[in-house]
Amino acid sequence: MHSLYRYVLVGLGVLLFAATAVATAVTTAAAMSDRAAGNAPDGYSRLTIQRGDITIATYQVEVAATEGQRAQGLMFRQKLPADQGMLFIYEQPRPVRMWMKNTYIPLDMLFADDSGLITHIHRGAKPHDLTPIAGGAAVRYVLEIRAGHASARGLRVGDYLIHKNINKQ
């Protein structure tokens with residue numbers, strides 16, 4: 001009788017393990033499918049960089065729209081995946097200066113005007129550097145991405161940031 005219970009318990013354990021494995025596989029496949037379809041992970045939204053009608057690059061971005069979010073930025077982060085970045089949004093176009101205090105990741109910074117037009121690119125900002133990085137007099141958006149990506153993807157002044165929170169004119 002005890003061996004029958006043992007077989008039943010083992011069988012239930014195997015079924016539970018199999019059900020968990022299937023659920024994990026389905027969840028992982030759904031997440032990979034979302035990523036392949038260009039859907040953003042939780043807390044991120046899709047941003048593309050375009051030149052005319054051609055998409056040059058696509059990123060999943062965190063949005064920093066409040067003073068507190070902009071002040072924190074990417075400080076204390078140890079890594080930044082190649083397809084991710086942070087989009088800083090200011091209420092009105094204004095002079096913007098960035099710095100790298102407590103930032104461990106070298107970054108490229110793309111400064112854009114009210115329409116999303118990239119007006120300046122600062123390449124290779126150095127971690128922990130307190131030197132102000134001027135973006136221009138009428139900046140509304142700043143996109144921070146991993147250093148080297150602006151050059152590797154051929155991004156240049158005159159390209160456009162396309163995002164649900166950018167008012168392209």
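Values in this text are rule-based calculations from the coordinates and carry no lab data. These numbers come from a predicted model, not from an experiment. Positions of Cβ are generated from backbone atoms using ideal geometry, with glycine treated the same way; all protein chains shown enter the neighbour counts.
Loop-located chymotrypsin sites (Phe, Trp or Tyr not before Pro) in region 84-133 (DSSP state not H, G, I, E or B) with no more than 16 neighbouring Cβ atoms inside 10 Å: W99, Y104. With the cut-off at under 18 Å, measuring from each backbone N in region 82-113 to a point 7 Å along the Cα-to-Cβ line of R156 picks out 109-112.
Charging the Cβ of each Asp and Glu at -1 and of each Lys and Arg at +1, and nothing else, the dipole of region 45-162 about its Cα centre rounds to 320 debye. Length available on full extension from H128 to R46: 0.36 nm per residue minus the Cα-Cα distance, which gives 26.7 nm.
Near A147, once Lys and Arg are set to +1 and Asp and Glu to -1 for all other residues with Cβ below 13 Å from its Cβ, the sum equals +2. Once you have a ≥ b ≥ c as the square roots of the Cα gyration tensor eigenvalues for region 41-169, tell me rounded if a/c is under 1.5, and otherwise prolate or oblate according to whether a/b is larger than b/c. Rounded shape, in that the Cα axes give a/c under 1.5.
The Cα center of region 50-71 and the Cα center of region 99-155 differ in position by 11 Å. Estimated at 0.36 nm per residue, the fully extended path between K101 and A65 surpasses their Cα-Cα distance by 11.1 nm. So what is the relative contact order of region 45-162, in percent, for Cα pairs below 8 Å that sit 6 or more residues apart? It rounds to 30 percent for region 45-162. When each of K164, K126 is scored by the number of other beta-carbon atoms lying within 10 Å, the sequence from fewest to most is K164, K126.
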